[in-house]
Amino acid sequence: MILVTGASGALGKLVAGRLAGRDDLVAGTRSPEPSPAGPPVRRVDFDDPASLAGGFAGVRTLLIISAGYAEDDVVIARHGAAIEAAATAGVKHVIYTSLAGSGDHLTIALPHRWTEAALAAAPFDTTVLRNGLYAEVPVGLTMMAGSGAVPGVLAAPWGRGQVSVVAREDLADVAARVVAEVQDDVAAGRRSRHAGRTYELDGVKTIGAEDVAAALADVRGVPVSYRPSPLGAVWTALAAKGVPPYQVAHAVSIFSNIGAGLLAGERTDLPGLLGVAPRPVRGLVADAVRASA
Ligand SMILES: NC(=O)c1ccc[n+]([C@@H]2O[C@H](COP(=O)([O-])OP(=O)(O)OC[C@H]3O[C@@H](n4cnc5c(N)ncnc54)[C@H](OP(=O)(O)O)[C@@H]3O)[C@@H](O)[C@H]2O)c1
């Protein structure tokens, strides 16, 4: 049996949708809603480890969708509880959605790398899917933190940096494929070819702040040019918008890493695992600008 955690989240829903034809799929989420058309749903809340014994019962292949959006200690406790419960439940193979190696210097890298180490020490096979940044992440943060005070200018702290971005749909395709292949092997009593593998899943395209400015120009119907602004302004701009402190720090670290040229991932396993060309990201940039303009 396969269990996908976080099945109500954007990525989890896409993965579960791709596996929906299987009769060995169970969806796990914090607030299960009965869905006659979908797979069986179980309550799985990493903040409530008591929910995990029943949630993981009978599961042999487990996809742990990372449960971020919190301080490091909270994320570590969540993932630690999930790994411990998987071992207790006799899960054979855990697949975990982590962060691309290009993101090693981001604030969110710490709980991801802690989780990878905990998985490496666990008594089951593992596969780590090191997901790249969704296109809407740097674009959305730029629209929030960038200043539109001067008409026709997008001021943002990208320096001259570029960032690799990826479509969430591509990451869902890869996760569903790996999960399905692993479960077929587990059911046949074979060790999967994905066991012990860490896949880098950065996008194949990079974008720069000029691309965000161009998308903004399309939305506004007027020329917009990019002007680099200081990193320090992000703290106050985001805090003033009520963004939680850990997320402000994360945003600053994204801009800082872009400016330092560290997020233009050079090695990716994405095309090989997809088996087709990755989806274009231009439309995703435009969508993210439109959503926040
Ligand atoms: N690669 C990127 O650019 C990027 C960007 C943002 C986030 N992420 C990471 O990737 C994950 C999936 O992304 P997404 O786009 O699906 O984000 P999302 O739509 O915001 O979903 C958040 C996910 O976290 C799960 N979650 C939160 N608290 C949990 C808990 N206590 N126990 C179990 N699950 C919990 C949710 O599960 P339920 O609601 O179903 O319980 C949901 O699947 C995020 O959680 C985050 O760690 C990656």
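The values are calculated or read from the model by the stated rules, or taken from the named source; none is laboratory data. Here the structure is a predicted model, which means the values were calculated and not measured. Quick reminder, even Gly has a Cβ in these numbers, built from the backbone with ideal geometry, and neighbours come from all protein chains shown. In case anyone asks, the SASA skips ligands and DNA or RNA and just uses the protein heavy atoms, side chains included. Shrake-Rupley method; radii C 1.70, N 1.55, O 1.52, S 1.80 Å.
Starting at 0 and stepping by 5 Å, how many percent of the alpha carbon pairs of segment 1-144 end up in each bin?
2, 10, 19, 23, 20, 14, 8, 3, 1, 0
So what's the back-of-envelope 222 nm ellipticity for the chain, counting only DSSP H runs of four-plus at -39500 (n - 2.57) apiece and dividing by all residues, rounded to 500? Could you put the intermediate results ahead of the total?
Values: 11 runs with 126 residues, N = 293.
After summing the helix terms and dividing by the residues of the chain, the value is -13000 deg cm²/dmol.
So which trypsin sites (Lys or Arg not before Pro) in segment 72-167 are both in a DSSP loop and have at most 15 other Cβ atoms within 10 Å of their Cβ?
Working: sites: ARG78, LYS92, ARG113, ARG130, ARG160; in loops: LYS92, ARG160.
Of the trypsin sites (Lys or Arg not before Pro), the ones in loops of segment 72-167 whose Cβ has at most 15 other Cβ atoms within 10 Å are ARG160.
In whole Å, what are the extents of segment 98-240 along the principal axes defined by its C-alpha atoms, from largest to smallest?
Result, largest extent first: 63, 29, 24 Å.
Using Cα positions and a limit of under 18 Å, work out the aspartates and glutamates in reach of LYS92, with same-chain residues fewer than 8 apart set aside.
ASP24, GLU84, GLU116, ASP125, GLU181, ASP184, ASP185
Once Rh for segment 140-205 is found with the Kirkwood sum over Cα pairs, what is the Stokes-Einstein diffusion coefficient at 37 °C and 0.692 mPa s, in µm²/s? It would help to have the intermediate numbers written out before the result.
Values: Rh = 15.6 Å.
D = 211 µm²/s.
On each of the three principal axes of the Cα atoms of the chain, give max minus min coordinate, whole Å, ordered largest first.
Its Cα atoms span 61, 38, 36 Å along the three principal axes.
Can you compute 3J(HN,Hα) from phi for each residue in segment 56-72, using the Karplus curve 6.51 cos²θ - 1.76 cosθ + 1.60 with θ = phi - 60°, rounded to whole Hz and x for Gly and Pro?
For segment 56-72, the Karplus curve yields 9, 4, x, 7, 10, 10, 10, 9, 8, 7, 4, 10, x, 6, 6, 4, 3 Hz.
Counting only protein heavy atoms, what percent of the accessible surface of the chain is carbon or sulfur at a 1.4 Å probe? Spell out each step's value before the answer.
Values: 7140 of 12880 Å².
Heavy-atom surface of the chain belonging to carbon and sulfur, 1.4 Å probe: 55 percent.
By the scheme Lys and Arg +1, Asp and Glu -1, what is the net charge of all other residues having a beta-carbon under 13 Å from that of TYR199? Before the final figure, lay out the partial values.
Working: positive: ARG130, ARG177, ARG193, ARG197, ARG267; negative: GLU116, ASP170, ASP173, GLU181, GLU200, ASP202, ASP269.
Net charge around TYR199: -2.
Using the Cα centre as the reference, give the magnitude of the dipole from point charges on the C-beta atoms of the chain (Lys, Arg: +1; Asp, Glu: -1; all else neutral), rounded to the nearest 20 debye.
300 debye
When the Karplus curve 6.51 cos²θ - 1.76 cosθ + 1.60 is applied with θ = phi - 60°, which whole-Hz ³J(HN,Hα) does each residue of segment 167-183 get, with x for Gly and Pro?
7, 4, 4, 5, 5, 5, 4, 5, 4, 5, 5, 5, 4, 5, 5, 4, 5
To the nearest µm²/s, what D does Stokes-Einstein give for segment 38-112 at 4 °C and 1.567 mPa s, using the Kirkwood radius over alpha carbon pairs as Rh?
On the way: Rh = 13.2 Å.
The Stokes-Einstein estimate is 98 µm²/s.
From the phi of every residue in segment 247-263, what ³J(HN,Hα) in whole Hz does the Karplus formula 6.51 cos²θ - 1.76 cosθ + 1.60 yield, where θ is phi - 60° and glycine or proline is x?
6, 5, 4, 4, 4, 4, 5, 5, 4, 4, 5, 5, x, 7, x, 9, 9
Mean 1/r over all different Cα pairs, inverted: what Kirkwood radius does segment 217-293 give, in Å? Walk me through the numbers on the way to the answer.
On the way: mean 1/r = 0.0644 Å⁻¹.
Across segment 217-293, the inverse of the average 1/r is 15.5 Å.
Find the accessible area per residue for segment 1-132; the probe is 1.4 Å, ligands and nucleic acids are left out, and the unit is Å². Kindly include the intermediate steps, with their values, before the conclusion.
On the way: 5520 Å² over 132 residues.
Per-residue value: 42 Å².
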